[in-house]
Amino acid sequence: RPTVLFDNVSFGYEQDRQILHHLSFEAPAGSTVALVGPSGAGKSTIGRLLFRFYDPSGGRILIDGQDISQVAQESLRRAIGIVPQDSVLFNDTIGYNIAYGRDDPSQEQIVRAAADASILPFIEALPQGFDTEVGERGLKLSGGEKQRVAIARTLLKNPPILLLDEATSALDSRTEQDILSTLKRVSADRTTIAIAHRLSTIADADIINVMDAGRIVESGNHADLLRRD
Ligand code: ADP
Ligand code: ADP
């Protein structure tokens with residue numbers, strides 16, 4: 001379980017427009033750290049820098065003290081599991097969708113990932129089980145079911161770092177609560193960075209960093225933040 005540190009990070013997509021301004025925060029080993037703030041604050045940009053879609057123009061991003069620009073891209077990306085807002089499923093079987101991107105996972109690993117994502121009983125109740133086609137060719141999955149398949153895909157990689165990028169914001173509130181409890185469980189022994197635009201979805205994070213316009217403007221746990229309001 002690694003420690004993730006953003007140390008004085010600055011970044012802009014374009015030459016003369018800075019998006020992140022000397023931003024620093026730490027996600028201690030095994031913690032859940034939330035980044036919350038309005039749309040456009042720079043939350044997803046932080047995720048993209050961590051995954052090295054882009055490199056910062058200033059400052060450093062460290063995992064266990066090592067600058068990620070010195071880590072092989074492949075091992076960096078293997079260490080980070082992402083659950084995005086809208087998970088795209090392929091027009092193929094449930095099993096294929098869970099296994100996608102992994103080298104030859106065993107059936108046992110796939111079953112365990114599905115169980116951890118709380119979707120195994122649903123899959124096993126289908127006549128074709130993991131071989132059920134989804135998308136245009138087969139079963140229509142609900143938003144919540146799709147998200148669970150995507151979570152299983154991420155868990156199959158057993159990533160020590162989890163990046164949840166508004167992972168439940170596309171769901172209705174009842175489904176959101178179900179998925180949130182699953183995510184809470186699967187993030188328990190990982191270092192988790194949870195991006196959200198509402199405080200309510202990440203209220204129990206160990207540390208909540210409130211962002212605005214590319215800066216962290218407040219930081220603390222939920223009780224700390226409420227006290228300051
Ligand atoms: P959030 O996740 O908090 O909504 P983002 O990190 O997506 O915010 O975006 C922060 C800022 O960066 C916004 O002003 C957005 O318009 C800008 N931005 C995001 N992606 C790009 C991009 N690929 N090119 C240029 N600007 C971008
Ligand atoms: P991979 O399987 O390629 O090792 P993941 O399973 O962790 O990586 O990534 C799932 C998907 O999320 C990938 O297609 C990746 O492009 C996408 N992704 C990466 N970073 C972000 C981000 N910050 N926000 C949303 N989606 C992202």
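The values are calculated or read from the model by the stated rules, or taken from the named source; none is laboratory data. Small disclaimer: the values here were computed from a predicted structure and weren't measured. Quick reminder, even Gly has a Cβ in these numbers, built from the backbone with ideal geometry, and neighbours come from all protein chains shown. Accessible surface areas use protein heavy atoms only, side chains included; no ligands, DNA or RNA. Shrake-Rupley method; radii C 1.70, N 1.55, O 1.52, S 1.80 Å.
Using bins of 5 Å that start at zero, the share of Cα-Cα pairs per bin across the chain amounts to 1, 7, 14, 18, 18, 15, 12, 8, 5, 2, 0, 0, in whole %.
For Ala115 and Arg60, the FRET efficiency from 1/(1 + (r/R0)^6), where r spans their Cβ atoms and R0 equals 30 Å, is about 0.20. Straight-distance candidates among the lysines for linking to Lys157, with alpha-carbon spacing under 18 Å and chain neighbours fewer than 8 residues away dropped: Lys146, Lys184. Working from label points 7 Å from Cα in the Cα-to-Cβ sense, the Ser24 to Leu226 distance is 3.0 nm. As a length-normalised measure over Cα pairs under 8 Å and 6 or more apart, the relative contact order of the range 13-104 settles at 15 percent. Here the chain is assigned +1 on the Cβ of each Lys and Arg and -1 on the Cβ of each Asp and Glu. Its dipole about the Cα centre then comes out at about 140 debye. Subtracting the Cα-Cα distance of Phe122 and Asn158 from their residue separation scaled by 0.36 nm leaves 10.8 nm. Surface exposure of the range 172-229, expressed per residue as accessible area with a 1.4 Å probe, stands at 54 Å². Using a simple spin-label model with pseudo-atoms 7 Å out from Cα toward Cβ, Thr132 and Asp189 lie 2.9 nm apart. Once the Cβ-Cβ distance of Asp178 and Ser75 is raised to the sixth power relative to R0 = 22 Å, the FRET efficiency obtained is 0.10.
Counting only protein heavy atoms and a 1.4 Å probe, the range 1-113 has 52 square angstrom of accessible area per residue. Measure off, as a whole percent, the carbon and sulfur share of the 1.4 Å-probe accessible area of the chain, all protein chains present. Answer for the chain is 46 percent, counting heavy atoms of protein chains only. Over the Cα atoms of the range 169-219, each weighted equally, I'd like the Debye log10 I(q)/I(0) at q = 0.17, 0.18, 0.21, 0.22 Å⁻¹, rounded to two decimals. Result of the Debye calculation: -0.59, -0.65, -0.84, -0.90.
Legend: calculated FRET efficiency, Glu218 to Tyr96, from the Cβ-Cβ distance at R0 = 41 Å, rounded to 0.05, equals 0.40. Between Asp7 and Gln107, the simple label model (points 7 Å from Cα in the Cβ direction) yields a spacing of 4.9 nm.
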